[in-house]
Amino acid sequence: MSMNDNEEITGHRASPAMELDRIETTDALTGLRRLPAESIDCMITSPPYWAQRNYGGTPLTWPDGRTGSLGLEPEFDQYLDHLVSIFDEAHRVLKPSGTLWVNLGDCYAGSWSIGPAHGGHAGRHAQPGMVPGWNHHANPRRSVMPLAKLPVPNKCLCLVPERFALRMVARSWTLRNRIVWHKPNFLPARVKDRFACSWEYLFLFTKSERYWFDLDAVRVPHASIRGATTPWRTFREGPRRARAVADTTVGRRELNPKGKNPGDCWVIPTHGSRRYAHPAAFPEALLERPIKSGCPPGGVVLDPFMGSGTTAVVARRLGRRFIGFEANAEFAALARRRIAETRPVQPLEGDRGVAAAA
Ligand SMILES: C[S@@+](CC[C@H](N)C(=O)[O-])C[C@H]1O[C@@H](n2cnc3c(N)ncnc32)[C@H](O)[C@@H]1O
């Protein structure tokens with residue numbers, strides 16, 4: 001689909017007037033409630049995972065009357081209630097042509113290392129330059145979350161991302177992809193009775209059947225096997241014949257000269273937790289495909305859990321506008337510093353640097 005097709009087919013509209021290129025120190029729900037309806041082209045985010053880290057910040061009062069920080073709820077069902085209440089608000093602010101990308105990880109029942117009772121590992125594991133209150137080395141042998149009765153046995157995966165996706169679909173989001181983000185440099189696990197976790201989900205949701213999507217912007221080169229007509233023949237004939245070449249045909253099938261659809265398994269290394277003094281920063285490469293394919297040039301990208309500012313940095317570099325919310329003031333300040341060092345590849349109309357909204 002060309003960009004002109006995108007405009008016609010999706011009924012894509014310009015955003016209403018609002019302050020852009022800013023990181024606000026606020027919780028996601030409050031920030032989203034302040035945004036005009038149908039004002040955002042693309043949302044990309046990674047909320048705090050359930051029972052993984054205490055990011056500090058002020059505990060919130062949720063629509064269900066409970067108080068606490070997102071991710072530290074004693075049961076994953078409560079966490080999911082809170083998370084979907086945030087994405088209900090996201091549904092309101094996303095344009096009908098918009099895309100929503102959510103990265104979410106899982107955990108094993110009984111392997112928690114943080115919790116409201118614990119308050120993070122600021123003392124023992126704090127690193128110079130890091131914001132206190134988050135747990136750098138989760139100890140899987142320690143269980144300090146309140147031991148609520150869970151509907152899964154001990155040591156079982158909690159399936160939080162799958163439960164989240166089902167709830168989102170039940171609330172009228174369309175799930176278009178379950179992208180596997182495979183991390184080739186995944187951390188070695190201490191466990192001896194299962195395999196280490198080496199991938200996470202990146203979900204792509206939309207509001208409408210027709211939405212902005214520029215596949216041509218993210219196509220990858222074709223790598224076909226010269227002379228091979230079937231994968232089986234390639235396999236039989238051994239690796240010497242399996243020389244990958246850029247080609248325009250495989251057997252008699254015509255291939256798109258602009259390149260191949262990248263598929264839904266993306267191999268992207270993490271860059272380690274110390275690079276930006278944030279324990280869970282996205283690798284910038286993970287955001288390039290979502291922004292190039294899911295947000296029109298000059299469109300607005302929102303990350304309501306902005307952390308160290310990676311979404312804004314990549315949006316800005318790729319000629320998109322951004323808005324970010326971050327509950328922890330020190331992370332928000334870190335994000336603003338990173339963004340101030342990033343220049344767009346193409347100057348944007350009305351761009352005046354980074355708004356220092358606090
Ligand atoms: C998984 S991290 C996101 C990291 C980010 N993708 C990056 O590249 O740095 C989640 C972030 O959400 C923030 N956070 C936690 N609860 C929040 C809330 N209710 N509203 C907004 N931000 C919140 C945490 O402080 C943390 O920085």
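Between ARG92 and ALA37, what is the spin-label point distance in nm, taking each point 7 Å from the Cα along the Cα→C-beta axis?
Roughly 0.9 nm, to one decimal.
Using 0.36 nm times the number of residues separating LEU60 and TRP266, minus their current alpha carbon distance, what extension gain do you get?
Stretched fully, the LEU60-TRP266 segment lengthens by 70.7 nm.
So which of LYS149/LYS207; LYS149/LYS192; LYS207/LYS258 end up more than 31 Å apart, counting from Cα to Cα?
With Cα atoms farther than 31 Å apart: LYS149/LYS207.
Would you calculate the separation in nanometres between label points at ALA189 and ASP5, each defined as 7 Å from the Cα along the Cα-to-beta-carbon direction?
Each label point lies 7 Å from its Cα, and together they span 4.1 nm.
May I ask you to derive the FRET efficiency for LEU255 and THR30 from their Cβ-Cβ distance with R0 = 45 Å, giving the value to the nearest 0.05?
After rounding, the FRET efficiency stands at 0.40.
Test of understanding: what is the full-extension gain from VAL169 to ASP216, defined as 0.36 nm times their sequence separation minus their Cα-Cα distance?
Here the answer is 14.2 nm.
Between THR342 and LYS155, what FRET efficiency comes out of the Förster formula 1/(1 + (r/R0)^6) with R0 = 56 Å and r the beta carbon distance, rounded to 0.05?
So, using R0 = 56 Å, E works out to roughly 0.85.
Around SER208, with a cut-off of 12 angstrom between Cβ atoms, what is the net charge of the other residues, counting Lys and Arg +1 and Asp and Glu -1?
Value of the local net charge: +2.
For segment 291-343, just the Cα set please: Rg and Dmax, both in angstrom.
10.5, 31
Only the coordinates and a few stated rules stand behind these numbers; no lab work does. What you are looking at is a predicted structure, and each value in this text was computed from that prediction instead of being measured. Here Cβ is always computed from backbone atoms with ideal geometry, including for glycine, and neighbour counts include all displayed protein chains.
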